[in-house]
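The values are calculated or read from the model by the stated rules, or taken from the named source; none is laboratory data. Please read these numbers as outputs of a predicted model, since none were measured by experiment. Positions of Cβ are generated from backbone atoms using ideal geometry, with glycine treated the same way; all protein chains shown enter the neighbour counts. What goes into the accessible areas is simple: the full protein's heavy atoms, side chains included, and nothing from ligands, DNA or RNA. Shrake-Rupley method; radii C 1.70, N 1.55, O 1.52, S 1.80 Å.
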Amino acid sequence: MQQRRLAAVMFTDIAGYTALMGKDEDRAFEILRINKEIHEKLIEKYGGNLIKELGDGLLVSFNSSVDAVRCAIEIQKECKEKEIPLKIGIHEGDMVFEGNDVLGDGVMDAILLHLSKIKDLRVVSRTSTEKYRDHTKTIPEIASELNVTYILEGSFQKFGDNARLIVQLINASEEGHVWGNDYERNWFDIFTVQSEVAHKITKELHAEITAEEKEIIDRSPTTSLTAYDYFLQAELELFEFTLAPGVKANSGRNVLSLYNQVLNYDSTFAKAYVGLAVLYYFWNNTFARVKMDSILTLVNIALSYDDKCPDAYDMKGHYYMLIGDKERGFEEFDKAIIIDPNFAMAYKSKGAYNLTSNGDIIVSFENLHKAAELEFGPSGRVQILDYLAMAYESIGFFDRSDKYNLERLNLLKQDSTYYYHYYSNKEEKRGIIDKAIFWEKKALNRSPSSLIFTLRLGYLHSFNKQYDRSYSYYQEFEKPLRNWTTPVIKNSWIWIGLARLKMGDQKEADFWLNKALDYNINSIESGGGRSISFIAHYDLARIYALQGNYEKAYQYLELYNSKTFFPYSEVVQIKSDPFFDNLRDEERFQAIVRSLEEKYQRERERVRIWLTENNLME
């Protein structure tokens with residue numbers, strides 16, 4: 001969090017600015033604007049580096065003390081001409097620059113989180129505005145992209161035990177300042193200041209606030225500022241980790257260490273327990289065996305300390321959905337939204353599970369679009385875009401699906417490997433297997449050790465009945481695949497069994513097919529995700545059809561057909577699925593296929609009407 005280097009540092013400050021804010025806000029903000037223009041021009045001229053804006057003050061570093069002095073003289077001269085009472089100090093030496101960005105972001109996050117609890121306001125997160133930090137877009141342009149009326153600007157600096165927070169509420173349509181204030185307080189008063197700002201903004205916007213909302217806003221997250229400092233660092237690390245779990249070495253352990261530090265200083269810090277639950281949720285490999293119990297335990301501890309923590313209810317909803325209790329899962333998501341009506345990720349959760357767990361497709365679209373309206377930060381938006389793309393693809397709106405998928409990939413800043421993988425998935429879901437194989441091979445050529453790309457090529461070749469090629473991809477991993485138990489591995493057992501059977505090795509085929517049989521039967525008995533989505537029922541029908549037990553196959557196909565909605569990809573899949581080659585010409589099988597098609601077309605028309613009524617058709 002610190003950097004040490006030899007530098008000349010210039011600090012400038014407008015004398016009497018706080019008093020002027022109290023007398024004439026418009027004049028104060030105009031002076032601030034002119035002062036900033038003067039500084040930016042001359043700092044660039046003398047090769048300075050703007051470290052931080054501190055409200056009406058600026059902290060600038062120079063490699064040369066001569067440049068710092070020359071820059072200061074010119075700034076002072078121009079400010080004098082504009083009647084700006086500027087004070088300037090210069091220091092040269094071995095300087096330590098403290099990283100207050102995390103603290104500043106955390107302070108602004110807390111204010112926005114307070115505001116988001118107020119039902120009468122629509123609030124987008126600070127991470128949603130992160131991309132505008134160093135952007136040249138105007139405030140009206142930013143507001144238009146975010147679909148908001150007001151912008152809250154803030155700057156923060158901490159000096160020892162003292163803290164300074166300057167906030168401005170701006171009417172984006174007029175670019176006029178609605179309200180602003182300069183808070184200079186002891187750092188230990190920061191939670192009080194956060195609540196004060198939220199109350200003041202609510203009053204300025206004439207928003208109604210209930211007694212319960214006021215209680216939530218006034219509640220401090222912790223009594224330990226050291227714990228709060230570690231918490232802000234942990235949240236930043238967790239944010240980066242969830243963008244790409246497992247990509248950076250030890251990143252998960254770094255997050256774990258930071259949250260443990262939080263709890264060392266304050267064992268009652270509710271959101272730290274939620275952060276650990278989120279970590280375990282994403283950290284599949286290391287915590288697979290204890291993940292589910294850990295999530296529930298952690299969110300229950302969080303709620304025991306703060307029963308108004310929306311993040312905890314959201315994670316609790318994930319827990320119940322994953323163990324197969326859909327009703328309880330949706331109840332928990334709704335609890336999160338009641339507490340925080342602007343909580344984008346709870347809307348995402350409702351939308352995602354309605355899409356993947358045989359829910360209402362309209363409810364899915366309603367919640368996913370609501371989430372997208374509220375969240376523009378990379379980590380959350382990537383997840384929302386993923387499900388929006390999936391939702392549009394499920395009803396055959398491929399152009400819209402592609403649009404959201406490409407935005408997601410751009411946010412992730414992935415190289416061409418992942419684009420190839422995306423194109424392969426896209427073609428497979430539309431039933432164009434040759435093109436899917438073409439793109440997946442390009443992905444594997446870029447990343448030859450990728451297990452996921454290798455396994456996908458295995459089953460894609462099986463769809464083309466190229467079983468020798470299919471097995472050639474499985475062969476390299478066949479021995480470890482006998483013992484590995486992550487979901488992507490378990491889902492491959494059925495395909496290895498198919499390839500082995502078609503190549504004439506009955507003994508090996510039985511081994512793999514029986515593993516797949518047990519896996520799917522256990523999934524249904526445990527009521528987990530594969531059962532809720534009916535994937536387990538479909539795979540059981542596949543296995544029994546391949547083994548010649550047709551009545552069992554039809555039994556599970558009928559259960560699979562009890563779903564209310566079938567996405568386009570599943571309708572396409574069943575028509576060419578090699579597992580059903582022996583049933584394909586039977587009227588009973590064809591009737592099931594027709595039923596899937598009819599359900600798909602009916603729901604597609606429902607969605608089309610809903611999109612039209614809500615002006616979402618392009």
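For the structure I just gave you, tell me whether PHE376 is farther than 30 Å from GLU525 by Cβ, aromatic (Phe, Trp, Tyr), under 18 Å from the mean Cα position of the chain (by Cα) and open to solvent by less than 40 Å² (accessible area, probe 1.4 Å).
The answer is yes for PHE376.
Give me the helices (runs of 4 or more DSSP H) completely within region 226-329, filtered to those with at least 1 residues that are out of contact with any Phe, Trp or Tyr (no Cβ under 6 Å at 6 or more places or on another chain) and modelled with pLDDT of 80 or more, ordered by residue number. Step through it out loud before you land on a result.
Numbers: elements: 251-265, 270-282, 284-287, 291-305, 310-322.
Here the list reads 251-265, 270-282, 291-305, 310-322.
In region 525-572, which residues are outside any loop (DSSP other than H, G, I, E, B) and out of contact with any helix residue (DSSP H, G or I) (no Cβ under 9 Å at 6 or more places or on another chain)?
Residues of region 525-572 outside any loop (DSSP other than H, G, I, E, B): 525-526, 529-532, 535-547, 550-560, 568-572.
The answer is SER526, and nothing else.
Please count how many residues of region 353-373 are surrounded by fewer than 20 Cβ atoms within 10 Å (Cβ to Cβ) and either among the hydrophobic types (A, V, I, L, M, F, W, C) or touching a Gly at 6+ places or on another chain (Cβ under 7 Å) (or both).
2
Within region 539-561, track down each residue that is without any contact (Cβ under 8 Å) to a residue 24 or more places away in the chain and open to solvent by 10 Å² or more (accessible area, probe 1.4 Å).
Of everything in region 539-561, those that are without any contact (Cβ under 8 Å) to a residue 24 or more places away in the chain and open to solvent by 10 Å² or more (accessible area, probe 1.4 Å) turn out to be TYR544, ASN549, GLU551, LYS552, GLN555, TYR556.
Within region 352-374, count every residue that is among the aliphatic types (A, V, I, L, M) and within 19 Å of ARG602 (Cβ to Cβ).
Summing the residues that are among the aliphatic types (A, V, I, L, M) and within 19 Å of ARG602 (Cβ to Cβ) in region 352-374 gives 4.
Being among the basic types (Lys, Arg) and surrounded by 19 or more Cβ atoms within 10 Å (Cβ to Cβ) is the filter here, so list the residues in region 491-520 that pass it.
Going through region 491-520, the residues among the basic types (Lys, Arg) turn out to be 500, 502, 507, 515.
The one that is among the basic types (Lys, Arg) and surrounded by 19 or more Cβ atoms within 10 Å (Cβ to Cβ): ARG500.
Within the bounds of region 383-399, is there any residue that is closer than 18 Å to ASN342 by Cα and open to solvent by 10 Å² or more (accessible area, probe 1.4 Å)?
yes
Of ILE88, ILE75, which residue is at pLDDT 75 or above, open to solvent by 30 Å² or more (accessible area, probe 1.4 Å) and not small (Gly, Ala, Ser)?
Answer to the check: ILE88.
Could you tell me how many of the residues in region 472-487 are surrounded by 16 or more Cβ atoms within 10 Å (Cβ to Cβ) and either aliphatic (A, V, I, L, M) or without any contact (Cβ under 8 Å) to a residue 12 or more places away in the chain (or both)?
1
Answer yes or no: is there a residue in region 198-220 that is at pLDDT 75 or above, of a type in the set (Val, Ile, Thr) and under 26 Å from ASP24 (Cα atoms).
Yes.
May I ask you to list the residues in region 447-471 that are surrounded by fewer than 15 Cβ atoms within 10 Å (Cβ to Cβ) and of a type outside the set (Val, Ile, Thr)? Give the derivation first.
Within region 447-471, the first condition is being surrounded by fewer than 15 Cβ atoms within 10 Å (Cβ to Cβ), and the residues that meet it are 448-449, 452, 465, 468.
Passing the criteria: PRO448, SER449, LYS465, ASP468.
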